[in-house]
Amino acid sequence: MEKMRISKEEVAHVAHLARLEFGAEEVEKFTTQLNDILLYMDKLGEVDTVGVEPVTHAIARKNAFRDDKVGVSLPPEVSLANAPGGRGGCFLVPKVIE
Amino acid sequence: MELYGLTIHELQDRLRAGETTSAEITASVFGRIDAVEKEVRSYITLMRETAMIEAQAADVKIRKGDIGILTGIPIALKDLLCTKGVLTTCGSRILQNFIPPYDATVVEKLREAGAVFTGKTNMDEFAMGSSTETSFFGVTRNPWDLERIPGGSSGGSAAAVAADECIASIGSDTGGSIRQPAALCGVVGMKPTYGRVSRFGLIAFASSLDQIGPFTKDVEDCAIMMNVLAGYDPKESTSVPEDVPDYRQFLNKGIGGWTVGIPKEYFIDGIDPEVEAAVRRAIRVVEEAGAKCIEISLPHTEYCLAVYYIVAPAEACSNLARYDGVKYGFRSEEGRDLMEMYKKTRAAGFGAEVKRRIMIGTYALSSGYYDAYYKKASQVRALIKRDFDEAFTRCDVILTPTTPTPAFKVGERTDDPMQMYLSDIFTISTNLAGVPGISVPCGFTTAGLPVGVQFLAGHFQEGRLIQFASAYEKQAHIEQRRPKL
């Protein structure tokens, strides 16, 4: 490959940030594909954007406030109904502290 | 013509006249599903039992003369709209068992309008794809040629309308996911202005680009569906409190004296010659209808794809952080501690395309790369939006091809992400600029595949699009072919 935008090590690091994990073969494949995609992004370097304000929403609304009133909420047992693990009205997760 | 082959407005005429019932229409649609679904595979979940109950309830109302906008009409929903008590998967293993405790706002609105829900349609996983091949639940086929893809990501919703497995359907469009499959399946599909339709209860992909819209068999049905979907929702703070007109008033009004912009950047090398010919014919049709076509320029068009594939993955990687095996959905049982559980759950729960986009987004937002990718893309996005603002000072609507090619074969582009991304090259700019767009059938290739033409207008000008599309449809006399299934 002529240019490398991202190395296998970086792919592994980004995977950790994204809470994903890949086998060796997948890292190889993703590195190649991400490189192709990132090289394509180089196109943006051609555009002069000095002084251009970034747009993150095409239709920008200012703060959308609502009245500070208590509305109807889901009961706890309904909120927990889809959880893979739950006990005593809480979400249950694997051990966090040794 | 069987009942399942009719439009919303044709069925409503018959319901009002007492010539048929919703129970008959719904049974006809499910009979059609039984006949063709094995081949087309538009649906992930069918809602047959509740549909029959809803149809009977609609018939009671109709007999009392209480007829709403969609009373008794069978409608399909893309499987990323939350439906209370009904499995909602987003095409993903990670949500394979998710049963929402509430309805999306559009689902509530459709229910209030009297719709009968046929089921939840197949889609690319998390709406990331252009072919409906990335679904965990299998590939949907194009009703016009079962070897080919229906487009995506709302491929199930488009195929269901084309194959008469529902009367109309709902999709979502982040970079073309309504308009592209509408074009490839030969139906009408509209992406409204960003903020026109509430996204509450829509499982998010890219929050600044996602918008919900309808698939229909003709433009009049599109106007009817928009009358139900559009409007401000206090539960969705990016929905816009603008007045919603009755979209039916824009039908059959003509377009004499309108100016139509033809962007030169949309007729490029690589566009299929038969697609180009069909769209050039559409240009002549709107001229015959009394509009004047002028060449315009959207100079930043060639950068849209690069901007989109930074902005959409960046938003997606944060939206998809919520799938952690804790609150809902799939959890891997292999992890020994919390971090391992997260990683194993997400590694096994997401498919390859979703992971690819999470990786691009995470990389583009990570320390040291943010300015080069996300900030730069957001600046170029400002220029793309400015292109449209300037274009609409010169013309009333813009006319382009919806897609560069007709439907491609299943498997043809799955190993080449860049090639797949190029299928959305004419639809992506619309989402970046937030403007509304509609794809309308404009003919067939010699192999019998449908081709779509896209019309775009300024923010909140859906009425103008319906007026234009309605005039085009009337003038074009597109052959009334149906897929042979």
Segments classed as strands (runs of 3 or more DSSP E), wholly inside the range B:161-235, with at least 1 members that are within 13 Å of chain A (Cβ to nearest Cβ) and modelled with pLDDT of 95 or more:
B:188-191, B:211-216
Scan (1) modelled with pLDDT under 95; (2) surrounded by 14 or more Cβ atoms within 10 Å (Cβ to Cβ) for the single condition B:G254 breaks and write down its number.
(1)
Residue list for the range B:351-379, filter: farther than 30 Å from B:G91 by Cβ and modelled with pLDDT of 95 or more
B:K375, B:K376, B:Q379
Count of the range B:104-149 residues which are basic (K, R) and open to solvent by less than 10 Å² (accessible area, probe 1.4 Å)
1
Conditions: (1) assigned to a loop (DSSP other than H, G, I, E, B); (2) open to solvent by 20 Å² or more (accessible area, probe 1.4 Å). B:R248 meets all but one. Number of the miss?
(1)
Cβ pairs under 7 Å, 6+ apart or interchain, first in the range B:377-388 and under 18 Å from B:A314 (Cβ atoms) and more than 7 Å from chain A (Cβ to nearest Cβ), second modelled with pLDDT of 95 or more and open to solvent by less than 10 Å² (accessible area, probe 1.4 Å), ordered by first then second residue, are B:I384/B:C304; B:I384/B:V307; B:I384/B:S429; B:I384/B:L432; B:I384/B:A433
Checked the range B:335-373 for anything in contact (Cβ under 8 Å) with a residue 24 or more places away in the chain, within 8 Å of chain A (Cβ to nearest Cβ) and outside any helix (DSSP H, G or I); matches are B:F350
So the check is Cβ under 6 Å with 6+ separation or different chains; which pairs have a first residue in the range B:287-316 that's under 16 Å from B:M128 (Cα atoms) and in a helix (DSSP H, G or I) and a second one that's open to solvent by 20 Å² or more (accessible area, probe 1.4 Å) and of a type in the set (G, A, S)?
B:E315/B:S207
Scope the range B:302-329; condition open to solvent by less than 20 Å² (accessible area, probe 1.4 Å), more than 7 Å from every other protein chain (Cβ to nearest Cβ) and among the hydroxyl-bearing types (S, T, Y); matching residues
B:Y308, B:Y323
Somewhere in the range B:394-415, is a residue touching a residue at least 12 places away in the same chain (Cβ under 8 Å), closer than 24 Å to A:L44 by Cα and within 13 Å of another protein chain (Cβ to nearest Cβ)?
no
Would you point out which residue out of B:A321, B:A348, B:A291 is under 30 Å from B:G257 (Cα atoms), of a type in the set (A, V, I, L, M) and out of contact with any Leu (no Cβ under 6 Å at 6 or more places or on another chain)?
B:A291
Filter result (out of contact with any Asp or Glu (no Cβ under 9 Å at 6 or more places or on another chain) and farther than 19 Å from B:C222 by Cα) within the range B:103-126
B:D103, B:A104
Top-ranked residue in the range B:16-70 [being of a type in the set (G, A, S) and farther than 23 Å from B:A162 by Cα; ranked as least open to solvent (accessible area, probe 1.4 Å)]
B:A58
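The values are calculated or read from the model by the stated rules, or taken from the named source; none is laboratory data. Just so we're clear, the structure is a prediction, and the values are computed from it rather than from any experiment. Backbone-built Cβ (ideal geometry, glycine too); neighbour counts: all protein chains shown. Each accessible area value is taken on the protein alone, full model and side chains, heavy atoms only, with ligands, DNA and RNA left out. Shrake-Rupley method; radii C 1.70, N 1.55, O 1.52, S 1.80 Å.
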